[in-house]
């Protein structure tokens, strides 16, 4: 495990920290966008009603960063797996809710046309996958 000459961190730590930072950024990126009367409303994990989930996600990311600073990479990977599963559950719940709206009738179909998913899901999934994969980074990219 080669350490960075500037900060002294391993590649696994750096990759995990980048993933955790992506998790924090993902809390402020739109999850959904809804167009109502010509105005677009964006819902993030920091929107009232969702902010408890955003707070828990940010706290989880900070715990992961702390574990990585302490060089507890396996523990951070375990926390990353939990975060990944949680994000998948949220996404599946959002998809089933969206499909439920689409199947309600013609008025709901009109409303569903103005509903779109944001790109927070991509940022959140990429961050959690990076945290989970961090322990394998040193093995995948050995120092020559």
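Placing R0 at 41 angstrom, the Cβ-Cβ distance between residue 139 and residue 116 gives a FRET efficiency of 0.55 after rounding to 0.05.
For the range 11-140, the calculated P(r), taken from all Cα-Cα distances in 5 Å bins from zero up to the bin holding the longest distance, is 2, 12, 19, 20, 15, 11, 8, 6, 4, 2, 1, 0 percent.
A full extension of the chain between residue 14 and residue 69 corresponds to an added length of 18.9 nm, given 0.36 nm per residue minus the alpha carbon distance.
Any read-out appearing in this document is the output of simple, stated calculations on the displayed coordinates, not a laboratory observation. Being a predicted model, the structure only gives us computed values, none of them experimental. A quick note on method: Cβ atoms are made from the backbone with ideal geometry, for glycine too, and the neighbour counts reach across all protein chains shown.
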